[in-house]
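Structure first, commentary second.
A short reminder: the numbers here are calculations on the coordinates, not readings from a lab. Everything quoted here is computed from the prediction, not taken from an experiment. A quick note on method: Cβ atoms are made from the backbone with ideal geometry, for glycine too, and the neighbour counts reach across all protein chains shown.
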Amino acid sequence: MGYRELFPYLRETPTIYLNHAATSPLPTPVVKAVSHYLHERSAGKINFWQEDWEVVRQCREKIAALINTTSDRIALMHNTSAGIQILAQGLPWQPGDEILMIDQEFPANVYPYRTLEAMGVKVRLLPAPDGRSTPELFSQYVSERTRAIVVSAVQFLSGYRTPLTDLRQLCDQYGCWLLVDAIQAVGSIQIDVQQTPVDALVAGGQKWMMSPHGTGFLYISEALQAQLRRTPFSWLSVPDPWDFFRYDQQPVPQARQFEAATLNYPGFYGMEAALDLLLKVSPAAIEQRIAHLVQYLQEQLQEIESVRLYTPEDPELRAGILTVQVGENEEQAKAVAKFCMKHGVHIAYRSGKIRFSPHFYNTPDEIDRAVRIFQKGLDTVLQQPVAASGE
Ligand SMILES: Cc1ncc(COP(=O)(O)O)c(C=O)c1O
């Protein structure tokens with residue numbers, strides 16, 4: 001694709017990296033942007049806040065372009081959880097309200113809402129042994145008590161791609177909010193908040209968005225923002241922060257009022273460069289390319305007898321994650337993952353399963369090589385007596 005030269009690890013190590021659902025490698029433009037910042041702080045202008053503010057403004061613009069909204073709906077966050085905390089702590093929950101989510105959500109999307117149990121809000125964890133946050137499941141439990149459906153746009157373990165449009169309809173029918181953790185989606189598949197008007201959507205930058213840690217964003221609709229109590233209210237939330245002693249200033253109307261004052265500027269310099277790259281390749285092309293790689297991987301893995309697909313087989317119901325179950329127990333799966341890592345294939349072991357997550361610049365040849373090593377690992381582990389723990 002011509003973009004592979006932006007990933008120096010491909011030249012410098014024999015690694016096959018298929019773990020973007022955990023953390024992405026940083027492309028060289030990101031490294032350059034962060035280095036530029038660090039150099040200026042150290043040996044250059046030192047104090048250049050106007051540039052910093054311009055970079056964060058550009059980040060809001062580019063994130064907005066990525067999810068098809070306007071930049072006034074975007075607040076920059078330091079991680080996914082920061083955005084979720086704002087929703088959990090800021091929305092006007094009432095005792096007796098119910099929040100629905102599946103019992104296989106990533107914990108970052110669970111704990112902040114569970115803190116509301118102390119005030120009588122019930123978090124109902126719906127049984128989803130297959131890790132799928134299906135509209136059918138939610139429709140069995142939704143009621144007039146439901147205040148929010150909380151979901152991941154793409155589930156971190158099953159890789160299930162939640163049909164957000166169907167959930168939106170359900171939420172409209174019951175008058176509840178649709179609050180989305182999209183860290184496993186933005187940067188790998190197209191997210192369009194005009195087409196699918198979720199109430200809020202959060203994502204950290206470190207995975208599919210190929211950005212440094214300590215970056216992320218909260219998208220919030222105007223209607224939901226109107227209901228949100230202003231939890232974080234920082235000195236930079238106001239129209240004129242340099243008018244220091246005019247404490248009666250009201251926050252700006254934009255979503256950025258929820259930002260945590262001085263931000264992680266080096267991180268956002270990097271994020272801006274990563275967003276440029278994603279937008280240049282184009283979200284549509286990225287989604288298509290990843291879908292192709294995942295399909296190719298699935299076909300190869302299905303050839304292997306002891307592999308069971310955990311991610312849906314239907315390409316419409318998945319994104320960049322393909323998770324499989326192997327062997328007879330968790331120890332065997334762990335040992336296979338360990339074998340792969342030892343032989344340079346970066347995949348993830350999670351809760352007894354093995355997760356692959358290629359990004360747009362990976363190639364079918366890398367998939368071929370990764371599958372060969374995976375198969376070798378599997379053969380090696382399955383030949384061992386069951387007692388061998390892989391330690
Ligand atoms: C679905 C999901 N949400 C959130 C996170 C991470 O949250 P944070 O960015 O707050 O560390 C992860 C993975 O680390 C995840 O898979």
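Pairs of lysines in the chain whose Cα atoms sit within less than 13 Å of one another amount to 6, provided the residues are eight or more positions apart or on different chains. Here the Karplus relation 6.51 cos²θ - 1.76 cosθ + 1.60, evaluated at θ = phi - 60°, turns the backbone of the range 356-361 into coupling constants of 9, 8, x, 10, 4, 8 Hz, with x for every Gly and Pro. For the range 7-140, dividing the convex hull volume of the Cα atoms by the residue count gives 193 Å³ per residue.
Relative contact order of the range 274-391, taken over Cα pairs closer than 8 Å and 6 or more residues apart, is 28 percent. Less than 5 angstrom separates the built amide H of Val307 from none of the residues sequence-distant by 5 or more or on a different chain. Using R0 = 35 Å, the C-beta based FRET efficiency linking Glu222 and Phe244 works out to 0.75.
A protection proxy built from the mean count of other Cβ atoms within 10 Å ranks the segments 127-133, 137-143, 352-358, most packed first, as 352-358, 127-133, 137-143. Between Ser139 and Trp53, the FRET efficiency estimated from the beta carbon spacing at R0 = 45 angstrom works out to 0.50. Across the options Phe106, Val31, Met119, the greatest Cα extent toward the positive end of the charge dipole of the range 28-281 (unit charges at beta carbon of Lys, Arg, Asp, Glu) belongs to Val31. Subtracting the Cα-Cα distance of Glu313 and Glu40 from 0.36 nm times their residue separation leaves 93.4 nm of extension gain. Whole-Hz Karplus values for the range 16-28 come out as 10, 9, 10, 9, 6, 6, 9, 7, 8, x, 8, x, 4 Hz, taken residue by residue from phi with 6.51 cos²θ - 1.76 cosθ + 1.60 and θ = phi - 60°; glycine and proline positions read x. Please give the helix 283-302 orientation as an angle from the longest Cα principal axis of the chain, in degrees from 0 to 90, rounded to the nearest 10. That works out to roughly 30 degrees. Sorting 7-17, 259-269 by their mean Cβ neighbour count within 10 Å, with the most densely packed peptide first, gives 259-269, 7-17. Convex hull volume of the Cα atoms of the range 158-233, normalised per residue: 113 Å³. Looking at the range 125-263, the DSSP beta bridges with both ends there are about 40 percent antiparallel. The range 315-391 and the range 180-228 have their alpha-carbon centroids 29 Å apart.
Ellipticity at 222 nm from helices only: DSSP H runs of n ≥ 4 in the chain, each -39500 (n - 2.57), divided by the residue count, give -12000 deg cm²/dmol. This model, with +1 at the C-beta of Lys and Arg and -1 at the C-beta of Asp and Glu, gives the range 299-389 a dipole about its Cα centre of some 460 debye.
Compared with the dominant principal axis of the Cα atoms in the chain, helix 265-281 is inclined by about 60°. Round to the nearest 10 and give me the degree value, 0 to 90, for the angle of helix 80-90's Cα axis relative to the longest principal axis of the chain. Roughly 50 degrees between the two axes. Taking the average, over residues, of other Cβ atoms within 10 Å as the packing measure, peptides 246-255, 291-300 rank 291-300, 246-255 from highest down. Taking Glu313, Glu303, Glu98 as the candidate residues, the one with maximal mean-square fluctuation in a Gaussian network model of the chain, Cα springs under 10 Å, is Glu303. Phi angles across the range 326-336 convert, under the Karplus curve 6.51 cos²θ - 1.76 cosθ + 1.60 with θ = phi - 60°, into 3J(HN,Hα) values of 9, x, 10, 8, 5, 4, 5, 4, 4, 5, 5 Hz, Gly and Pro given as x. Rounded to the nearest 20, the Cβ-based charge dipole of the range 95-221 about its Cα centre (Lys and Arg +1, Asp and Glu -1) stands at 200 debye. Taken about its Cα centre, the range 28-281 carries a charge dipole of roughly 300 debye when the Cβ of each Lys and Arg holds +1 and the Cβ of each Asp and Glu holds -1. Subtracting the Cα-Cα distance of Asp172 and Lys338 from 0.36 nm times their residue separation leaves 55.2 nm of extension gain. With the Kirkwood sum run over all distinct C-alpha pairs, the range 28-281 has a hydrodynamic radius of 18.8 Å.
Short-range pairs are left out: with C-alpha atoms under 8 Å and at least six residues apart, the relative contact order of the range 28-281 is 27 percent.
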